[in-house]
Amino acid sequence: MSNINMSKEHIENARMLIRQFHNILPVKVGSIASKLGVKVKISTLPTGISGEIKKEDNTYIIKVNRHDVKERQRFTIAHEIGHFILHKEMIGDGIVDDALYRSKLSDRLEAEANKFAAEILMPWDLIKSKIEEFRDLKNEELYEALSKEFEVSTTAIKIRLGKL
Ligand SMILES: [Zn+2]
């Protein structure tokens with residue numbers, strides 16, 4: 001089997017594992033990390049750094065900035081899981097993400113990690129059913145309500161809905 005097929009299979013397996021956590025809201029992103037064998041540490045990181053992933057003693061560790069709000073920490077963990085699944089061979093001595101999720105990786109790879117994070121935290125079927133549940137709400141009220149349900153920022157919701 002070619003490397004590309006193996007990597008596709010590996011990504012598909014990870015997606016299947018993640019789907020098992022899509023029965024409860026907000027999605028338990030810490031549990032997903034631990035199921036994948038990744039340790040999460042809420043850490044004191046330099047100002048302007050949201051998170052990082054690196055390998056220490058054969059274990060992948062995600063560090064997330066303790067000064068960020070919970071919603072941002074959750075997105076950061078999901079983003080770093082994205083790097084772990086999609087860009088594992090590029091982690092090297094670590095990937096450090098600033099507050100705009102920029103790192104040593106290209107913008108294209110960062111966008112992939114952001115998209116993967118959105119899939120983890122805001123699966124489409126749940127977004128659709130919540131929009132149906134909140135059908136009396138419009139615009140900002142709807143984004144607020146979804147933000148609370150999914151425990152993500154309203155910005156993350158708007159990006160997911162193509163409103164930003
Ligand atoms: Zn990143």
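The values are calculated or read from the model by the stated rules, or taken from the named source; none is laboratory data. If you're wondering where the values come from, they're calculated on a predicted model, not measured in any experiment. Cβ coordinates were reconstructed from backbone atoms using ideal geometry, including for glycine residues, and neighbour counts include every protein chain displayed.
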### Message
I'd like to check something: does the stretch 4-27 contain any residue that is modelled with pLDDT of 95 or more, touching a Leu at 6+ places or on another chain (Cβ under 6 Å) and not assigned by TED's automatic domain parsing to the domain that holds residue 127?
### Response
yes
### Message
Is it the case, given these coordinates, that residue 92 is more than 28 Å from residue 149 (Cβ to Cβ) and free of Cβ contacts under 8 Å to residues at least 60 places away in the same chain?
### Response
yes
### Failed item, numbered, when residue 66 is tested on (1) over 29 Å from residue 146 (Cα atoms); (2) touching a residue at least 24 places away in the same chain (Cβ under 8 Å)
(1)
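Let's see how each residue does on (1) in a helix (DSSP H, G or I); (2) closer than 26 Å to residue 10 by Cα; (3) assigned by TED's automatic domain parsing to the domain that holds residue 47:
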position: 102; (1), (2), (3): no, yes, yes
position: 114; (1), (2), (3): yes, yes, yes
position: 131; (1), (2), (3): yes, no, no
position: 145; (1), (2), (3): yes, no, no
### Those residues of the stretch 105-116 which are near the ligand (Cβ under 9 Å from one of its atoms) and either aliphatic (A, V, I, L, M) or more than 13 Å from the chain's Cα centre (by Cα) (or both), in sequence order
105, 109, 113
